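Asks: Once you've had a glance at the structure underneath, I'll fire off some questions.
The values are calculated or read from the model by the stated rules, or taken from the named source; none is laboratory data. This is a predicted model, so every value here is computed, not measured. Cβ: placed from backbone, ideal geometry, glycine included. Neighbour counts: every protein chain shown.
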């Protein structure tokens, strides 16, 4: 059990998109501990149909660098098709320009993630 206190159960869903299974699982488990319902996808291409079918997704947390559709491309598509869905980008790489979405540089503490999720979802 970690020392971070869980929040009250939230019915909005968070979609975690990362091509690395271990990263997806760690993020999903942590977010579930905080009281969120979490879905996962291994790619942007897998995430888009999930978003189209599930209008309860309130936030997408996506890695920037993935094979195929990048997290930046996914974020742009989400902003275009579902402007109400919040996007948080995560990456271990330097981004040459500041994205319009929230950004977390890997490695980060789960407290940072929780703070951003709470801030974005209100």
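Asks: Only residues that are at pLDDT 90 or above and out of contact with any strand residue (DSSP E or B) (no Cβ under 6 Å at 6 or more places or on another chain): list them for segment 1-32, please. So that I can check it myself, show each step before the final result.
Replies: First, pick out the residues of segment 1-32 that are at pLDDT 90 or above: 13-32.
Across segment 1-32, the qualifying residues are 19, 20, 21, 22, 23, 25, 26, 29, 30.
Asks: Mind checking whether some residue in segment 96-110 is in a loop (DSSP other than H, G, I, E, B), modelled with pLDDT of 90 or more and surrounded by 12 or more Cβ atoms within 10 Å (Cβ to Cβ)?
Replies: Checking segment 96-110: not a single residue is in a loop (DSSP other than H, G, I, E, B), modelled with pLDDT of 90 or more and surrounded by 12 or more Cβ atoms within 10 Å (Cβ to Cβ).
Asks: Which of the residues belonging to segment 33-53 are under 27 Å from residue 111 (Cβ atoms) and over 13 Å from the mean Cα position of the chain (by Cα)?
Replies: 33, 34, 35
Asks: Please work out which residue is surrounded by the most Cβ atoms within 10 Å (Cβ to Cβ), limiting yourself to segment 13-27 and to residues that are under 14 Å from residue 43 (Cα atoms) and in contact with a helix residue (DSSP H, G or I) (Cβ under 7 Å, 6 or more places away or on another chain).
Replies: 17
Asks: Another question, then. Out of curiosity, is residue 62 at pLDDT 95 or above and either under 14 Å from the mean Cα position of the chain (by Cα) or part of a helix (DSSP H, G or I) (or both)?
Replies: For residue 62, the condition - at pLDDT 95 or above and either under 14 Å from the mean Cα position of the chain (by Cα) or part of a helix (DSSP H, G or I) (or both) - is met.
Asks: In this structure, is residue 78 touching a helix residue (DSSP H, G or I) at 6+ places or on another chain (Cβ under 8 Å), more than 19 Å from residue 22 (Cα to Cα) and at pLDDT 95 or above?
Replies: Criteria met by residue 78.
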